[in-house]
Amino acid sequence: MRRKEATAGKVLNLLTTDIKSIVNVCGHYFSLYGVPIQMAIGFYLLYNMLGVSVFIGLAAGSITVVPGSYVIKKLFVFYDLLQVQNDKRVNAINELFQSIRIVKMFAWSDRFIKKIDALREEQINVYRRMFFYEMSSSVLMNVQPVITILVTFFTYTAVLGHALTP
């Protein structure tokens, strides 16, 4: 964005979006080193207790990876689309505020309100579609451990013939 194009609304919108992105990324730094260590320790302990059935359960649970990656890709598309919609709405509101005297003088306020309402409705539609994919992602993340546990225990008991003891 050039300095001449940088209105207060655009700068504020970019600043709040960037800060939100930085906060979201900082919350996931632990995952870079913590999750692999936790998984390695967990699989080691499970392998000592349940044997080969752990790997079969892991393979069954990894079935959710393909639909999960599709859902995540769609979510990124919607996040980008949402940013475009936000920018359009903020620009329309800034245009209204910058020319409020002219708008009031010629009684164009209804036209601007309709324009801003239409932009907000587009934004809400993106949120609605995004909500579906966020819920799908949540369902996949919650179903995956259940599938893994069920297949692991089924393999351990029914296929390998071991008994589950407390």
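The values are calculated or read from the model by the stated rules, or taken from the named source; none is laboratory data. Keep in mind the model is a prediction, meaning the values are calculated, not measured. Cβ coordinates were reconstructed from backbone atoms using ideal geometry, including for glycine residues, and neighbour counts include every protein chain displayed. Keep in mind that these areas ignore ligands, DNA and RNA; they rest on the heavy atoms of the full protein, side chains included. Shrake-Rupley method; radii C 1.70, N 1.55, O 1.52, S 1.80 Å.
Against the definition (open to solvent by 60 Å² or more (accessible area, probe 1.4 Å), farther than 21 Å from G61 by Cβ, out of contact with any Gly (no Cβ under 6 Å at 6 or more places or on another chain) and at pLDDT 90 or above), how does F131 come out, yes or no?
Considered against the rule, which asks whether it is open to solvent by 60 Å² or more (accessible area, probe 1.4 Å), farther than 21 Å from G61 by Cβ, out of contact with any Gly (no Cβ under 6 Å at 6 or more places or on another chain) and at pLDDT 90 or above, F131 comes out as yes.
Hey, does the stretch 58-73 have a residue that's among the charged types (D, E, K, R), over 30 Å from L160 (Cα atoms) and touching a helix residue (DSSP H, G or I) at 6+ places or on another chain (Cβ under 9 Å)? If you could, list the steps in order and put the result at the bottom.
The initial filter retains those residues of the stretch 58-73 that are among the charged types (D, E, K, R), namely 73.
With the extra rule that they be over 30 Å from L160 (Cα atoms), the set shrinks to 73.
Next cut, touching a helix residue (DSSP H, G or I) at 6+ places or on another chain (Cβ under 9 Å) only: none.
Looking through the stretch 58-73, none of the residues is among the charged types (D, E, K, R), over 30 Å from L160 (Cα atoms) and touching a helix residue (DSSP H, G or I) at 6+ places or on another chain (Cβ under 9 Å).
Quick one: how many residues across the stretch 41-58 are open to solvent by 60 Å² or more (accessible area, probe 1.4 Å) and either within 30 Å of the chain's Cα centre (by Cα) or among the aliphatic types (A, V, I, L, M) (or both)?
Qualifying residue count, the stretch 41-58: 9.
Within the stretch 65-79, does at least one residue satisfy the condition of being more than 30 Å from F131 (Cα to Cα) and exposed (fewer than 11 other Cβ atoms within 10 Å of the Cβ)? Talk me through it step by step, then tell me what you get.
Of the stretch 65-79, the ones more than 30 Å from F131 (Cα to Cα) are none.
Scanning the stretch 65-79 turns up no residue that is more than 30 Å from F131 (Cα to Cα) and exposed (fewer than 11 other Cβ atoms within 10 Å of the Cβ).
Which of the residues spanning the stretch 1-54 are assigned to a loop (DSSP other than H, G, I, E, B) and modelled with pLDDT of 85 or more? Give the derivation first.
Filtering the stretch 1-54 down to residues assigned to a loop (DSSP other than H, G, I, E, B) leaves 1-7, 27-28, 51-52.
Residues satisfying the conditions are G51, V52.
Name, by its number, the condition in (1) hydrophobic (A, V, I, L, M, F, W, C); (2) modelled with pLDDT under 90; (3) open to solvent by less than 50 Å² (accessible area, probe 1.4 Å) that does not hold for F106.
Only one criterion in (1) hydrophobic (A, V, I, L, M, F, W, C); (2) modelled with pLDDT under 90; (3) open to solvent by less than 50 Å² (accessible area, probe 1.4 Å) is unmet by F106, namely (3).
Determine, yes or no, whether M141 is in contact with a helix residue (DSSP H, G or I) (Cβ under 9 Å, 6 or more places away or on another chain) and at pLDDT 85 or above. Let's see the steps before the verdict.
Numbers: in contact with a helix residue (DSSP H, G or I) (Cβ under 9 Å, 6 or more places away or on another chain): yes; at pLDDT 85 or above: yes.
Criteria met by M141.
Is there any pair with a first residue in the stretch 26-44 that is under 21 Å from L58 (Cβ atoms) and a second that is open to solvent by 70 Å² or more (accessible area, probe 1.4 Å) whose Cβ atoms are under 8 Å apart and which are 6 or more apart or on different chains, and what are they?
That search, which allows pairs on different chains as well, returns nothing.
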